2 protein chains.
Amino acid sequence: MSKGITSKNEDYSQWYNDIVIKADLAEHSAVKGCMVIKPYGYSIWEKMQAILDQKFKDTGHSNAYFPLFIPKSFFSKEAAHVEGFATECAVVTHYRLKNDGEGNIIVDPDAKLEEELIVRPTSETIIWNTFRGWVQSYRDLPLLINQWANVVRWEMRTRLFLRTAEFLWQEGHTAHATSEEAVAETEKMLDVYADFAENWMALPVVKGKKTPNERFAGALDTYCIEALMQDGKALQAGTSHFLGQNFAKAFDVKFTSKEGKQEHVWASSWGVSTRMIGALIMAHSDDQGLVLPPMLAPIQVVIVPIYKTDEELKAISIFVSGLMPKLKKMGVSVKYDDRDTQRPGFKFAEYELKGVPVRLAIGSRDMENGTVELARRDTREKFTVNQEGLDYYIGNLLEDIQANIYKKAADYRAEHITPANSYDEFKELLDTKAGFITAHWDGTPETEQKIKEETKATIRCIPLDNKLEEGVCIYSGKPSVQRVLFARAY
Amino acid sequence: MSKGITSKNEDYSQWYNDIVIKADLAEHSAVKGCMVIKPYGYSIWEKMQAILDQKFKDTGHSNAYFPLFIPKSFFSKEAAHVEGFATECAVVTHYRLKNDGEGNIIVDPDAKLEEELIVRPTSETIIWNTFRGWVQSYRDLPLLINQWANVVRWEMRTRLFLRTAEFLWQEGHTAHATSEEAVAETEKMLDVYADFAENWMALPVVKGKKTPNERFAGALDTYCIEALMQDGKALQAGTSHFLGQNFAKAFDVKFTSKEGKQEHVWASSWGVSTRMIGALIMAHSDDQGLVLPPMLAPIQVVIVPIYKTDEELKAISIFVSGLMPKLKKMGVSVKYDDRDTQRPGFKFAEYELKGVPVRLAIGSRDMENGTVELARRDTREKFTVNQEGLDYYIGNLLEDIQANIYKKAADYRAEHITPANSYDEFKELLDTKAGFITAHWDGTPETEQKIKEETKATIRCIPLDNKLEEGVCIYSGKPSVQRVLFARAY
């Protein structure tokens with residue numbers, strides 16, 4: 001059955017878009033650059049949120065909420081930050097509409113704001129302006145805050161989930177007494193993200209540091225997790241920033257140390273967004289639709305009855321009503337689709353499209369034989385399985401599917417981390433094999449920029465576990481002490 | 001110990017503000033009209049969200065997310081809606097800032113939007129514009145959607161939680177095949193809100209319908225739950241609207257019925273917001289601070305050790321480490337505050353201020369006697385209780401506290417629903433006793449408006465369980481068939 005999905009090999013970009021639309025994850029809205037996250041897509045985000053939120057709480061963070069709007073002048077207080085964020089943004093200039101007397105709704109020229117407000121592209125400035133009142137003494141530190149919110153960065157060329165003007169995210173903002181503690185926090189939260197990516201999203205990631213060129217505007221150091229998509233392009237799935245004392249100085253946030261001295265505090269910030277849903281789709285899905293790792297699948301198991309008569313359906317439903325509580329007790333989310341408005345083949349295609357990890361089909365022959373037909377989404381294999389012990393079988397199978405999806409992505413990545421020892425080799429690899437390319441770089445922003453301009457490849461990161469290795473820069477021929485990770489990226 | 005809270009009887013408004021600030025619930029931000037919800041206040045909102053979200057899912061609703069921005073022209077499509085909402089609002093007119101060359105960040109005049117965008121004050125228009133693509137056939141109905149989001153309604157005179165320019169809320173939006181189904185949904189969600197108010201917030205509410213004057217802009221009928229605060233003023237804690245086919249017609253949302261006819265769908269919308277936190281504070285708290293019903297308390301039980309030596313602390317801590325898992329297993333949230341930077345008296349005052357329902361204090365004498373000292377926040381009573389069976393004792397006590405807080409509010413309300421049979425009596429009651437006043441009204445918007453202008457009292461609702469009773473309007477003397485509920489309100 002054709003699901004109308006463009007083949008991945010034919011047009012990767014169209015394939016991605018087809019899956020987002022046809023699996024009912026999201027759609028473009030009437031507002032340029034803004035998406036609507038549909039119920040099925042949002043239910044994946046809710047799972048991500050619940051897991052991450054618990055991880056943040058387990059590491060001592062509390063949620064809070066800060067204003068959507070930021071006064072324009074706040075951006076000017078941190079020099080690098082203003083360059084990075086106060087450019088493409090939504091600017092509120094008025095606070096009233098009115099009827100012009102001829103039936104038109106117009107902006108009321110008398111309701112102009114004294115100072116324009118920016119819809120937050122990220123909240124460092126408004127949060128650090130607030131922290132000034134929250135921190136007096138070392139006893140108030142560390143201050144470990146997280147916010148779940150919407151943010152807006154004006155984008156002209158948008159792609160659902162991957163790049164939209166408005167997106168949903170979480171942003172952690174922490175204040176510490178020492179530089180060491182702030183760096184430790186920055187690294188700890190990167191580990192939380194990496195753990196989430198690998199063990200929930202089934203997405204292997206490289207942990208690394210960004211080059212100065214690619215740092216967050218206002219950070220001393222930006223850490224990231226970088227994943228590889230099935231078209232060989234990289235995707236940054238999360239970032240964690242060591243902000244030094246930049247924002248504390250810009251917003252005058254000081255504390256009295258144990259020794260009675262007044263000092264500026266040290267900061268981190270870190271975030272992941274609905275972009276992760278885009279990564280999840282691009283990393284695992286196939287030409288039949290979405291492939292979801294069980295740990296993030298809103299529905300893990302779907303059961304479809306196959307029957308001709310009401311009696312047959314009744315017998316199947318009695319069996320299912322015994323099975324479902326057992327699965328739920330094991331924490332498995334299960335749906336019984338006994339709609340009589342759709343045929344089994346339609347349902348099979350629909351759940352395949354939506355990436356449900358396990359599908360059970362039960363017919364009258366199965367009921368006689370004490371079996372079910374089981375299909376796993378990741379490998380598209382079908383098995384006949386005994387009804388007895390089915391709950392445990394499914395529990396194990398879901399773990400197996402999770403591991404298999406991870407392994408497939410890890411194998412792909414292992415095959416797509418390639419060293420390049422000359423610029424020609426580098427360029428050829430980019431155009432043929434793609435993936436991550438490890439190469440020597442002279443450490444200068446100029447060389448990085450030239451390579452980017454000429455090849456569209458960027459330095460994704462300097463891996464944290466990088467080995468030192470003497471060599472020469474593929475571009476300039478200057479000496480280098482380590483390889484860095486290049487790729488074309490989303 | 002003075003907590004610096006103004007007495008409720010002295011200045012109710014200042015008392016409220018003192019509690020919000022001193023219990024660390026929220027504060028004003030640098031952006032006029034916008035608040036910062038602090039971690040403790042936000043943790044109450046998280047409890048509310050979790051409970052309501054489960055109730056919405058249990059009644060068949062799915063969450064989704066729609067854009068923050070709404071094109072200006074959308075508001076003009078529903079005549080009543082534009083009057084109600086497209087007035088005081090945040091208007092985005094530009095999408096870029098730039099450096100003017102002299103170091104100033106200014107709005108880029110070249111980046112003016114073709115059509116202004118309004119920051120959503122409520123989402124009917126953008127959602128119904130989206131629903132057009134989601135509904136084709138009766139098989140697509142009912143469509144039961146909820147959104148958790150921030151909204152902005154420009155307010156000059158703000159009060160933390162009760163009235164702020166930006167606030168957090170949920171908005172349900174549903175589409176149905178028939179008028180009857182849409183009305184049934186509207187009433188069902190009102191019941192969900194009433195159940196939440198009474199059984200979680202411990203807040204007795206009157207369920208009723210608004211008069212046409214007080215209806216949501218664009219609704220055929222607005223249902224509400226009305227609560228009474230301790231100063232005798234009413235507070236609308238939630239609303240549920242029957243929208244008829246108004247938005248379906250404005251945005252051309254039609255479906256093919258079972259009979260093959262093209263018909264416009266029928267709609268409801270319903271919402272509650274962070275305003276409920278304001279209601280929670282004002283309904284139950286006292287001059288010592290917040291009083292939280294256990295069902296919504298982020299910390300239900302706090303344990304404070306009282307010791308002179310490390311040995312004493314150790315013995316207490318061993319006992320506590322046995323008690324805490326038992327309480328947690330019962331679903332009780334418990335905190336052990338063994339900070340050595342603060343004295344017990346300071347801690348007692350802090351948890352009283354924050355409304356923690358049960359406080360245990362354990363000293364060396366208690367350890368010898370096998371007892372603990374227990375203080376309940378609602379009545380401020382103290383007891384000596386045996387350590388044996390303490391977990392069950394606390395479980396029962398929390399239920400008792402929840403019931404007692406509800407009873408206190410219900411008793412207050414019962415004493416403050418007063419009939420008035422003349423306009424003089426009505427006005428005197430408003431100025432002396434306040435509360436809800438039941439009185440006859442002639443059913444005209446003109447009379448309602450006159451009474452509002454002269455007394456600041458509004459018709460809160462026509463209670464759903466109202467008895468018919470012949471009488472004459474207190475204002476006009478015209479005949480009336482039922483009493484309606486008046487009050488001055490937040």
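Restricting attention to the range B:463-490, the residues that are touching a Leu at 6+ places or on another chain (Cβ under 9 Å) and closer than 23 Å to residue B:432 by Cα total 5.
Rundown of residues vs (1) under 24 Å from residue B:77 (Cα atoms); (2) under 31 Å from the mean Cα position of the chain (by Cα), yes/no style:
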residue	(1), (2)
A:103	yes, no
A:121	no, yes
A:134	no, yes
A:139	no, no
A:155	no, yes
A:164	no, yes
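Going by what's in this entry, would residue A:56 be described as touching a His at 6+ places or on another chain (Cβ under 9 Å) and either facing chain B (nearest Cβ under 8 Å) or farther than 19 Å from residue B:68 by Cβ (or both)? So residue A:56 does not fit the description; no. Is it true that some residue in the range B:59-69 is out of contact with any Gly (no Cβ under 9 Å at 6 or more places or on another chain), at pLDDT 95 or above and more than 11 Å from chain A (Cβ to nearest Cβ)? Within the range B:59-69, one or more residues are out of contact with any Gly (no Cβ under 9 Å at 6 or more places or on another chain), at pLDDT 95 or above and more than 11 Å from chain A (Cβ to nearest Cβ). Taking the criterion of being assigned to a loop (DSSP other than H, G, I, E, B) and of a type outside the set (S, T, N, Q), the residues of the range B:1-13 that qualify are B:1, B:3, B:4, B:5, B:8, B:10, B:11.
In the set B:38, B:32, B:72, B:22, only one residue is surrounded by fewer than 18 Cβ atoms within 10 Å (Cβ to Cβ) and of a type outside the set (Gly, Ala, Ser); that residue is B:22.
One residue is enough: does the range B:322-337 have a residue meeting the conditions in a helix (DSSP H, G or I), in contact (Cβ under 8 Å) with a residue 12 or more places away in the chain and in contact with a Phe, Trp or Tyr (Cβ under 6 Å, 6 or more places away or on another chain)? The answer is no, given that none of the residues of the range B:322-337 is in a helix (DSSP H, G or I), in contact (Cβ under 8 Å) with a residue 12 or more places away in the chain and in contact with a Phe, Trp or Tyr (Cβ under 6 Å, 6 or more places away or on another chain). Each residue in the range A:51-69 was checked for being part of a helix (DSSP H, G or I) and in contact (Cβ under 8 Å) with a residue 60 or more places away in the chain, and 5 pass. Kindly establish whether residue B:186 is surrounded by 22 or more Cβ atoms within 10 Å (Cβ to Cβ), within 13 Å of another protein chain (Cβ to nearest Cβ) and in contact (Cβ under 8 Å) with a residue 60 or more places away in the chain. No; evaluated as a whole, the condition is false for this residue.
Kindly provide the set of residues from the range B:232-279 that are small (Gly, Ala, Ser) and part of a strand (DSSP E or B), ordered by number. B:234, B:237, B:238, B:240, B:244, B:267, B:268, B:269, B:271, B:273 - these are the residues of the range B:232-279 that are small (Gly, Ala, Ser) and part of a strand (DSSP E or B). Of the residues B:481, B:385, the single one that is surrounded by fewer than 15 Cβ atoms within 10 Å (Cβ to Cβ) and among the β-branched types (Val, Ile, Thr) is B:481. For the range A:30-46, the count of residues that are modelled with pLDDT of 95 or more, of a type in the set (Asp, Glu), more than 30 Å from residue B:56 (Cβ to Cβ) and in a helix (DSSP H, G or I) is zero.
Residue pairs whose Cβ atoms lie under 9 Å apart, separated by 6 or more positions or on different chains, with the first residue in the range B:191-205 and assigned by TED's automatic domain parsing to the domain that holds residue B:50 and the second assigned to a loop (DSSP other than H, G, I, E, B) and surrounded by fewer than 24 Cβ atoms within 10 Å (Cβ to Cβ), are B:192/B:59; B:197/B:204; B:198/B:204.
Only one of the listed residues (B:305, B:344) is surrounded by fewer than 20 Cβ atoms within 10 Å (Cβ to Cβ) and either of a type in the set (Gly, Ala, Ser) or more than 14 Å from chain A (Cβ to nearest Cβ) (or both). That residue is B:344. Among the residues making up the range B:134-170, a single one is assigned to a helix (DSSP H, G or I) and either basic (Lys, Arg) or surrounded by 23 or more Cβ atoms within 10 Å (Cβ to Cβ) (or both): B:139. Selection of the range A:230-257 for residues being polar (S, T, N, Q), buried (at least 18 other Cβ atoms within 10 Å of the Cβ) and farther than 23 Å from residue A:436 by Cα yields only A:246. Selection of the range B:14-29 for residues being more than 17 Å from the chain's Cα centre (by Cα), of a type outside the set (D, E, K, R) and part of a loop (DSSP other than H, G, I, E, B) yields B:23, B:29.
When you scan the range A:271-290, do you find a residue that is within 30 Å of residue B:341 (Cβ to Cβ) and either among the aromatic types (Phe, Trp, Tyr) or touching a residue at least 60 places away in the same chain (Cβ under 8 Å) (or both), even just one? No; the residues of the range A:271-290 include none that is within 30 Å of residue B:341 (Cβ to Cβ) and either among the aromatic types (Phe, Trp, Tyr) or touching a residue at least 60 places away in the same chain (Cβ under 8 Å) (or both). Tell me which residues, restricted to the range B:83-133, are assigned to a helix (DSSP H, G or I), surrounded by fewer than 22 Cβ atoms within 10 Å (Cβ to Cβ) and at the interface with another protein chain (Cβ under 9 Å from one of its Cβ atoms). Residues satisfying the conditions are B:83, B:133. The criterion of being farther than 30 Å from residue B:318 by Cα and touching a helix residue (DSSP H, G or I) at 6+ places or on another chain (Cβ under 6 Å) does not hold for residue B:279.
When you check residue B:437 against the structure, is it within 29 Å of the chain's Cα centre (by Cα), outside the structural domain of residue B:183 (by TED's automatic domain parsing) and under 30 Å from residue B:378 (Cα atoms), yes or no?
So residue B:437 fits the description; yes.
Just give me the residues in the range B:15-50 being polar (S, T, N, Q), at the interface with another protein chain (Cβ under 9 Å from one of its Cβ atoms) and touching a residue at least 12 places away in the same chain (Cβ under 8 Å), in sequence order.
Matches in the range B:15-50: B:43 only.
Does the range B:143-163 contain at least one residue that is of a type in the set (Ser, Thr, Tyr) and over 28 Å from residue B:404 (Cα atoms)? The answer is yes, given that some residue of the range B:143-163 is of a type in the set (Ser, Thr, Tyr) and over 28 Å from residue B:404 (Cα atoms). Taken over the range B:170-212, the criterion of being of a type in the set (Phe, Trp, Tyr) and within 15 Å of residue B:224 (Cβ to Cβ) is satisfied by B:193, B:196. Can you spot a residue in the range A:27-47 that is among the basic types (Lys, Arg) and closer than 23 Å to residue A:146 by Cβ? Yes; the residues of the range A:27-47 include at least one that is among the basic types (Lys, Arg) and closer than 23 Å to residue A:146 by Cβ.
Output yes when any residue across the range B:70-77 is facing chain A (nearest Cβ under 9 Å), part of a loop (DSSP other than H, G, I, E, B) and farther than 30 Å from residue A:144 by Cα, and no when none is. The answer is yes, given that some residue of the range B:70-77 is facing chain A (nearest Cβ under 9 Å), part of a loop (DSSP other than H, G, I, E, B) and farther than 30 Å from residue A:144 by Cα.
The values are calculated or read from the model by the stated rules, or taken from the named source; none is laboratory data. Quick caveat: nothing in here was measured; it's all calculated off a predicted structure. Counting neighbours? That spans all protein chains shown, and the Cβs are built from the backbone with ideal geometry, glycine included.
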